[in-house]
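Please read the structure below before turning to the comments.
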Amino acid sequence: MNESRKPSFTVVDGGKEELERKKRLLFNQPWVFDHDEFDRLCELFKLSYSEIEGLIAERIRKRAKDPLEREALLAIINGDHAKFERLNSILEKRKALGIKVISADAQQSLARSS
């Protein structure tokens, strides 16, 4: 009935040095991790919601291709309701008109192929 519980542990490939390297990367370059790895590391290091929130904002700043969507997401994270409503209205109008954003990379590719 009274089972002894062993503390759980996590095995990280590469050992303690690799774990420390990933922790440094998580706090300095959180955008380099894919979504699953980012979540796993946040859980592993037992980060608080406010720490995770800051890291997510940094990931959005670096990874979001569409500046309008990026700014809308950051407005949500920063709690700027008025800014989000304004940006969301623009996004909805853009969607209704069927306007699509072409990234600078795509434009350069199109220019080279012409």
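Assorted remarks:
- Residue order for E18, E69 - accessible surface, 1.4 angstrom probe, largest first: E69, E18
- Ordered from largest to smallest accessible area (heavy atoms of protein chains, 1.4 Å probe), the residues D34, D80 come out as D34, D80.
- Ordered by 1.4 Å accessible area with all protein chains kept, L73, L44 run largest first as L73, L44.
- For the pair D34 and K65, label points projected 7 Å from Cα toward Cβ lie 1.7 nm apart.
- Cross-link pairs beyond the 28 Å C-alpha cut-off, checked among K62/K100; K22/K62; K22/K95; K65/K95: K22/K95
The values are calculated or read from the model by the stated rules, or taken from the named source; none is laboratory data. Just so it is clear, the model here is predicted, and its values are computed rather than measured. So basically every Cβ, Gly included, is an ideal-geometry build from the backbone, and we count neighbours across all protein chains shown. Keep in mind that these areas ignore ligands, DNA and RNA; they rest on the heavy atoms of the full protein, side chains included. Shrake-Rupley method; radii C 1.70, N 1.55, O 1.52, S 1.80 Å.
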